[in-house]
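The values are calculated or read from the model by the stated rules, or taken from the named source; none is laboratory data. All values reported here derive from a predicted model rather than from experimental measurement. Note that each Cβ is placed from the backbone with ideal geometry, even for glycine, and that neighbours are counted across all protein chains shown. With ligands, DNA and RNA removed, areas are computed over all heavy atoms of the protein, side chains included. Shrake-Rupley method; radii C 1.70, N 1.55, O 1.52, S 1.80 Å.
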Amino acid sequence: MATKNDVSVALLLLLSFLLSSSLPARGYAPFPINVWPKPTSMSWAEPHMAVRVSSSFHVVAPSGNAHLLSAARRYAALLLAERYRPLVTPAVNVTAGGAGAAGRGAELGYLTLAVSDVHAPLQHGVDESYALEILPSGAAATVTAATAWGAMHGLETFSQLAWWCGRERAVLVAAGVRVEDRPLYPHRGLMLDTGRTYFPVADILRTIDAMAANKMNVFHWHITDSQSFPLELPSEPALAEKGSYGESMRYTVDDVKLIVDFAMSRGVRVVPEIDTPGHTASWAGAYPEVVSCAGKFWLPDASDWPNRLAAEPGAGQLNPLEPKTYQVMSNVINDVTSLFPDGFYHAGADEVTPGCWNADPSIQAYLARGGTLSQLLEKFVGGTRPLIVSRNRTAVYWEDVLLDQAVNVTSSAIPPETTILQTWNNGGNNTKLIVQAGYRAIVSSASFYYLDCGHGDFVGNNSVYDDPRSDYDTSGGSWCGPYKTWQRVYDYDVAGGLTDEEARLVIGGEVAMWTEQVDAAVLDGRVWPRASAMAEALWSGNRDGGATGRKRYAEATDRLTDWRHRMVGRGVRAEPIQPLWCRSRPGMCNLVR
């Protein structure tokens, strides 16, 4: 039992830590209005000035890139319709000089985009840097960028420097501002699972739009799973016809084209995931002969977890011994790579469950002849991965394909040159194992980036809830609990514990929205603003002064509150992080002064 002295010492240590790590860096002074994610470098001449935005404001964009022209029109319309009122009124002076409407002083009539290479394709590693300058007089504003995609980020930053001023009865934008900005990581994503829950196209578009506003650039679309196959494929129509939740809950070819084009006009890549060979019970309606253990109860003996047939309800895995498997896979890969132009193809390969394959008679015979489950997985990967690579795609797999203790492949089956692994278990430990093996890594640690955690479990007939102490611990009733707060997301360092050489193989991260207990009614609040926290950490970092600087979550709180307020005004139903009382009384809601 802890003594009073033990408790006192612990409290002193905690207080010391909070004092040393939670305060903003010395000399920090918030701007009257801020940008999320925080730019790499931003200056605002003092005294802080703002200029009115003309009612005829427009964006002058170079020709040659239809997506950039679309973005230019969209942001011009956004600025003209801006009615965002900051929670704390910005202390600025409004410019009075220059030509403008009679008696109203200067007005900003246009923003110019200067782009070096308007034809650079949207792909992994493309230059996303930009610079934004708004002259102190408000006479001119310019975004300079290497590519259209960097220019789009500049447009977003410009839009966040604008607000509605009731006193002036006008939209104002900051003047005397210089921003130089580029991302720390090239891969800043959100994974959305539409296999367990169907989301209407409108909800996907709104999510992508919010991603772009947060300068996130990868929509990882986990399209299918054991529960449903909602994607209509020209070569394999039966998969959706017999594997979706219904005719009204499918994504057509036209839907996909709309989503991909919408995302590209916002600088967001769409990476499709067709998870195989596990998580494929939904394929059994069309092809029962290629799916092992389909239709069986997922957990034959609740006291024998190691011999489960699936990680959760919905048992079924593709059978690598069945020749038909590869015919279907070839069609699926060809169709998906035709629909989605991105250079990444996510092939899944997570949670291959031994019990399912062990229950299949043909696999039992294979094992009796001396084969192993790992050899079986390697056979499947060996038969499908070349199809992916032949389509000029980089194959992305979940970490399990290499690191799972029971079923895995050798590194020779997934050459690092054309393979990326996505980590989700054991925090930074598995990230280190992946990069030490020479693979590029996408970090989605369940301990930090799984947004579904902490909401209980969805399986029924569970006697654990009869125990009144069942929710006393910190798991929140879910395997990956507790709930991941925005602070936990923000503070995670995806390259923590790695050498400089290892860290260079971490290409970024993704927050993951698994949807066993999520649908369109709650989507926005589950994702935002927690995904915003990761967006800033991967764009400009979670520290001031570089990797060894002080964590800045203390000063980030007010900025995130403001950003959440602006997102709500843009139609995103993001959750609040504090009462408004806190924002109007800076520092009063902190744990430590």
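Which is touching a helix residue (DSSP H, G or I) at 6+ places or on another chain (Cβ under 7 Å), of a type outside the set (Gly, Ala, Ser), modelled with pLDDT of 95 or more and not in a loop (DSSP other than H, G, I, E, B), of Leu108, Leu69, Leu113? Give the derivation first.
On the way: Leu108 fails: touching a helix residue (DSSP H, G or I) at 6+ places or on another chain (Cβ under 7 Å); Leu69 fails: touching a helix residue (DSSP H, G or I) at 6+ places or on another chain (Cβ under 7 Å).
Criteria check complete, one pass: Leu113.
Can you confirm whether Lys215 is crowded, with 21+ Cβ neighbours inside 10 Å, closer than 30 Å to Trp539 by Cβ and of a type in the set (Lys, Arg)? Yes, satisfied.
Taken as a whole, the condition of being outside any strand (DSSP E or B), at positive phi and surrounded by fewer than 20 Cβ atoms within 10 Å (Cβ to Cβ) does not apply to Gly496. Apart from one condition, Gly285 fits all of (1) farther than 18 Å from Gly355 by Cα; (2) touching a residue at least 60 places away in the same chain (Cβ under 8 Å); the exception is (2). Of the residues Arg167, Arg206, the single one that is surrounded by fewer than 23 Cβ atoms within 10 Å (Cβ to Cβ) and within 24 Å of Val489 (Cβ to Cβ) is Arg206.
Cβ separations smaller than 6 Å between residues 6+ apart or across chains give the following pairs from the range 346-361 residues that are in contact (Cβ under 8 Å) with a residue 60 or more places away in the chain to residues that are open to solvent by 30 Å² or more (accessible area, probe 1.4 Å) and polar (S, T, N, Q): Gly355/Asn307. Would the range 42-56 turn up any residue that is at pLDDT 95 or above and among the β-branched types (Val, Ile, Thr)? Yes, the conditions are met somewhere in the range 42-56. Trp305 falls short on exactly one of the conditions (1) within 20 Å of Val409 (Cβ to Cβ); (2) open to solvent by 60 Å² or more (accessible area, probe 1.4 Å); (3) not acidic (Asp, Glu), and that condition is (1).
Could we say that Ser445 is at pLDDT 90 or above and open to solvent by less than 40 Å² (accessible area, probe 1.4 Å) here? Steps first, please.
On the way: at pLDDT 90 or above: yes; open to solvent by less than 40 Å² (accessible area, probe 1.4 Å): yes.
Yes: the conditions hold for Ser445.
Checking the structure you have, find out if any residue of the range 504-520 is touching a helix residue (DSSP H, G or I) at 6+ places or on another chain (Cβ under 6 Å), surrounded by fewer than 21 Cβ atoms within 10 Å (Cβ to Cβ) and under 19 Å from Arg188 (Cβ atoms). Yes, some residue in the range 504-520 is touching a helix residue (DSSP H, G or I) at 6+ places or on another chain (Cβ under 6 Å), surrounded by fewer than 21 Cβ atoms within 10 Å (Cβ to Cβ) and under 19 Å from Arg188 (Cβ atoms). Once the range 570-593 is narrowed to residues that are among the small types (Gly, Ala, Ser) and over 14 Å from Trp528 (Cα atoms), the residue that is surrounded by the most Cβ atoms within 10 Å (Cβ to Cβ) is Gly587.
Among the criteria (1) without any contact (Cβ under 8 Å) to a residue 12 or more places away in the chain; (2) outside any loop (DSSP other than H, G, I, E, B); (3) more than 27 Å from Asp350 (Cβ to Cβ); (4) not polar (S, T, N, Q), the one Glu247 does not fulfil is (2).
Going by the conditions given, is Val59 buried (at least 16 other Cβ atoms within 10 Å of the Cβ), assigned to a strand (DSSP E or B), of a type outside the set (S, T, N, Q) and modelled with pLDDT of 50 or more?
Numbers: buried (at least 16 other Cβ atoms within 10 Å of the Cβ): yes; assigned to a strand (DSSP E or B): yes; of a type outside the set (S, T, N, Q): yes; modelled with pLDDT of 50 or more: yes.
The answer is yes for Val59.
Return the residues of the range 122-139 that are in a loop (DSSP other than H, G, I, E, B), modelled with pLDDT of 95 or more and not polar (S, T, N, Q); say none if nothing qualifies.
Step one: filter the range 122-139 for residues in a loop (DSSP other than H, G, I, E, B), giving 122-129, 135-139.
If we keep only those that are modelled with pLDDT of 95 or more as well, we get 122-129, 135.
Those that are in a loop (DSSP other than H, G, I, E, B), modelled with pLDDT of 95 or more and not polar (S, T, N, Q): Leu122, His124, Gly125, Val126, Asp127, Glu128, Leu135.
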